[in-house]
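Visitor: Here it is: the structure, laid out below.
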Amino acid sequence: MTLSRRPTFSRAVKIAPSILAADFANFGAECRAIEAQGCDWVHVDVMDGHFVPNLTFGPAMCAALRPHIAGVMDVHLMISPVDAYLEAFAKAGADILTAHLESGPHIHRTLQAIRALGCKAGLAINPGTGIEAVPYLLDDIDLICVMTVNPGFGGQKLIPSQMDKIAALRAMIADRPIHIEIDGGVTLDNARALVAAGADALVAGSSVFKGGTADNPAAYGANIRALRQAAEA
Ligand code: DX5
Ligand code: ZN
């Protein structure tokens, strides 16, 4: 892991396309295309068919993607149990490793293990989960991923009740160097409100990959620019 890839902390808006919405037969080219078209992070959705009702890919795919991602590989682990796989994802080159609060009984130990492996530690929270545990984990995280859809699938609608959770987390974090990432249902219509509530990283699958292909990526760039403009309006 080179330091140049490690994200230096900034609360500027980051657009993180989720490759869950990309062409599964062409991931390397898709990652190169979204970076060339101006994304900030590449969001990699790992699903195990147990923690979530869908199955994507594992550490081998992340390792294969690594040479095609010049910037930040933001790996979202929708898996349970999670601890046994952390080293493999770290070795695959993840810059950020995000585990779900709900993925097991020892999330504090999981976050410590992620940092011990040299990755930034992310904590993901499902829509039905409260934030009462977060104050006890603030020293152990670099990112909070607020799930604004029930995890497992792209193309869903953002769950409005999560807006209050974002604002509460922003207040709780204060000036600590902890990103608030929003994951699920991010569109041009809600990007501004999400940032106003306190978010600084927006995961977007459908909103970014619609209308383009890796061979014809201009739409990706237009979608990323539009999302950034909407977020910063
Ligand atoms: C859902 C994933 C999200 C999803 C976002 O479990 O974690 O990253 O791919 O896709 P859209 O932006 O289409 O909701
Ligand atoms: Zn995700």
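Visitor: Quick one: with all protein chains in place, what share of the accessible area of the stretch 172-232 is carbon or sulfur, to the nearest percent (1.4 Å probe)?
Guide: Ligands and nucleic acids excluded, carbon and sulfur reach 51 percent.
Visitor: Roughly how large, in nm² to one decimal, is the mean projection of the convex hull of the alpha-carbon atoms in the chain?
Guide: Answer in nm², one decimal: 11.0.
Visitor: Can you tell which of Glu132, Glu181, Glu35 shows the greatest fluctuation in a Gaussian network model of the chain with Cα springs below 10 Å?
Guide: Per the Cα network of the chain with a 10 Å cutoff, Glu132 tops the list.
Visitor: Where both partners of a DSSP beta bridge lie in the chain, what percent of those bridges are antiparallel, to the nearest 5?
Guide: Roughly 5 percent of the DSSP beta bridges within the chain come out antiparallel.
Visitor: Considering only the other residues whose Cβ falls under 14 Å of the Cβ of Lys165, what net charge follows from Lys and Arg at +1 and Asp and Glu at -1?
Guide: With Lys, Arg at +1 and Asp, Glu at -1, the neighbours total -3.
Visitor: Which value at 222 nm does the chain reach when only helices count, each DSSP H run of 4 or more adding -39,500 (n - 2.57), with the total divided by all residues and rounded to the nearest 500 deg cm²/dmol? Walk me through the numbers on the way to the answer.
Guide: Details: 8 runs with 71 residues, N = 233.
Helix-only estimate at 222 nm: -8500 deg cm²/dmol.
Visitor: How much accessible area per residue does the stretch 1-153 have, in Å², with a 1.4 Å probe?
Guide: It amounts to 39 Å² per residue over the stretch 1-153.
Visitor: Between Ala204, Ala124, Ala219, find the one with the highest GNM mean-square fluctuation for the chain; connect C-alpha pairs within less than 10 Å.
Guide: Ala219
Visitor: Looking only at His100, His179, His50, which one moves most when the chain is put into a Gaussian network model with springs between Cα atoms under 10 Å?
Guide: So, out of His100, His179, His50, the one fluctuating most is His50.
Visitor: Follow-up. Quote the accessible area belonging to Phe9 in square angstrom, nearest 10, computed with a 1.4 Å probe and with ligands, DNA and RNA left uncounted.
Guide: Roughly 90 Å² of Phe9 is accessible to a 1.4 Å probe.
Visitor: Sticking with this structure for a sec: Report, in debye and to the nearest 20, how large the dipole of the stretch 14-232 comes out about its Cα centre when Lys and Arg carry +1 and Asp and Glu carry -1 on their Cβ.
Guide: 240
Visitor: Under the definition of Cα pairs under 8 Å and six or more residues apart, what whole-number percent is the relative contact order of the chain?
Guide: That works out to 21 percent.
The values are calculated or read from the model by the stated rules, or taken from the named source; none is laboratory data. Model, not experiment: these values are computed from the prediction. Don't worry about glycine lacking a Cβ; one is built from the backbone with ideal geometry, like all the others, and counts go over all protein chains shown. The accessibility values were calculated without ligands, DNA or RNA, using every heavy atom of the protein model including side chains. Shrake-Rupley method; radii C 1.70, N 1.55, O 1.52, S 1.80 Å.
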